[in-house]
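Down below is the structure, laid out as structure tokens.
The values are calculated or read from the model by the stated rules, or taken from the named source; none is laboratory data. This one's a predicted model, so the numbers in the text were calculated from it and none came from an experiment. When we count neighbours, we look across all protein chains shown, and the Cβ atoms used for this are built from the backbone with ideal geometry, even at glycine.
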Amino acid sequence: MSDIKFLPQPYFMLNRNFEILAASDKSYEVFETAPNFLDLVDWESRRKAAHFLALKEGTKESELIMKTKESPYALFDVSINWNSGDGHILCIEKDHRLAELENIVEKHRLRLAETNLELLEKKEQVEQNLYEIKSLSCPFIKLTKTTALVPLFGDLDDGMIRQNEERILNKTQDGHYDYLLFDFNGVRNLTEAGVAAFVSIINELQLMGISPSIIGIKPNHAFYLNGHPSKLNVPFLSSLSTALKKTI
């Protein structure tokens, strides 16, 4: 029985009258010294405790409100096993276990927050890379004093046009160009939204008094451009050299 004192949780050995015969050192750390186990139980829980302890067969479990050195109302999971007339009770503070669980959940939440932050940073980096790619997909090149070229690369979608629209209009106006050539040789696919945005920028250029032209249209490009409700009133030219001859 000498090993009882080293148990890591409050432990009591009782007789049939619930008198404490022995206890672990942890019991004296948590509870005041008392001759009877019921003295450690809150007054309103004593009837429940007495009924629970009176079931002197096998192992039983219950929740009891007990009086500790730190709190007069501490919730414990209490289990008892009767053997040869002696009751062996183990008391585990429920609030303590809940606090541990809350601590685990909080640590998990913090890990998720850190992971989400890392993903957000990666997402922002990807978005920045996509932004730069779309800008490079629509460069503005001066050819002559009156003519500039905008070669398009990749998929012509709404994002490509909207991202570069203001830059194209400003450079065209600031350079006092008369002609702006859009080269479709590097365009793979078109989307309906991309065509609508492209038609919009063509209309704005024409309102500014600039003459846009389109170079290098492929059959799949023509399908989308011809299918748009607003027909493009611009020259469609086969090559850059042909376009330059018309603008010089």
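Filtering the stretch 183-210 down to residues that are assigned to a strand (DSSP E or B) and out of contact with any helix residue (DSSP H, G or I) (no Cβ under 8 Å at 6 or more places or on another chain), which residue is farthest from Val150 (Cα to Cα)? Let's see the steps before the verdict.
We begin by selecting, within the stretch 183-210, every residue assigned to a strand (DSSP E or B); these are 183-190.
Retained after the next criterion (residues that are out of contact with any helix residue (DSSP H, G or I) (no Cβ under 8 Å at 6 or more places or on another chain)): 185-186, 188.
Values: Asn185: 11, Gly186: 11, Arg188: 16 Å.
Across the stretch 183-210, the extreme among qualifying residues is Arg188.
Selection of the stretch 64-106 for residues being among the acidic types (Asp, Glu) and at pLDDT 85 or above yields Asp77, Asp86.
Can you name the residue in the stretch 79-92 that is free of Cβ contacts under 8 Å to residues at least 24 places away in the same chain and of a type in the set (Gly, Ala, Ser) and is also surrounded by the fewest Cβ atoms within 10 Å (Cβ to Cβ) among such residues? Per the stated criteria, the residue is Ser84. Considering the stretch 185-202, the residues that are within 39 Å of the chain's Cα centre (by Cα), surrounded by 14 or more Cβ atoms within 10 Å (Cβ to Cβ) and not small (Gly, Ala, Ser) include one that is nearest to Leu225 (Cα to Cα), namely Val195. Checked against (1) surrounded by 15 or more Cβ atoms within 10 Å (Cβ to Cβ); (2) at negative phi, Gly216 passes all but a single condition, namely (2). Return yes or no: is Glu44 within 51 Å of the chain's Cα centre (by Cα), assigned by TED's automatic domain parsing to the domain that holds Leu14, under 18 Å from Gln9 (Cα atoms) and surrounded by fewer than 14 Cβ atoms within 10 Å (Cβ to Cβ)? It is false that Glu44 is within 51 Å of the chain's Cα centre (by Cα), assigned by TED's automatic domain parsing to the domain that holds Leu14, under 18 Å from Gln9 (Cα atoms) and surrounded by fewer than 14 Cβ atoms within 10 Å (Cβ to Cβ).
Working only within the stretch 156-185, note down all residues that are over 15 Å from Ile141 (Cα atoms) and of a type outside the set (A, V, I, L, M).
Taking the stretch 156-185 as the starting set, the residues that turn out to be over 15 Å from Ile141 (Cα atoms) are 156-163, 166, 185.
Scanning the stretch 156-185 gives Asp157, Asp158, Gly159, Arg162, Gln163, Glu166, Asn185.
Hey, does the stretch 143-154 have a residue that's at pLDDT below 65 and either within 30 Å of Gly209 (Cβ to Cβ) or aliphatic (A, V, I, L, M) (or both)? It would help to see each step written out before you state the result.
Start the filter on the stretch 143-154 by keeping residues that are at pLDDT below 65, which leaves none.
No, the stretch 143-154 contains no residue that is at pLDDT below 65 and either within 30 Å of Gly209 (Cβ to Cβ) or aliphatic (A, V, I, L, M) (or both).
Kindly establish whether Ser213 is closer than 21 Å to Asn170 by Cβ, out of contact with any Asp or Glu (no Cβ under 7 Å at 6 or more places or on another chain) and of a type in the set (Gly, Ala, Ser). The answer is yes for Ser213. Out of the stretch 211-248, which residues are of a type in the set (Ser, Thr, Tyr), modelled with pLDDT of 85 or more and either touching a Pro at 6+ places or on another chain (Cβ under 7 Å) or assigned to a helix (DSSP H, G or I) (or both)? Of everything in the stretch 211-248, just one residue is of a type in the set (Ser, Thr, Tyr), modelled with pLDDT of 85 or more and either touching a Pro at 6+ places or on another chain (Cβ under 7 Å) or assigned to a helix (DSSP H, G or I) (or both), namely Ser213.
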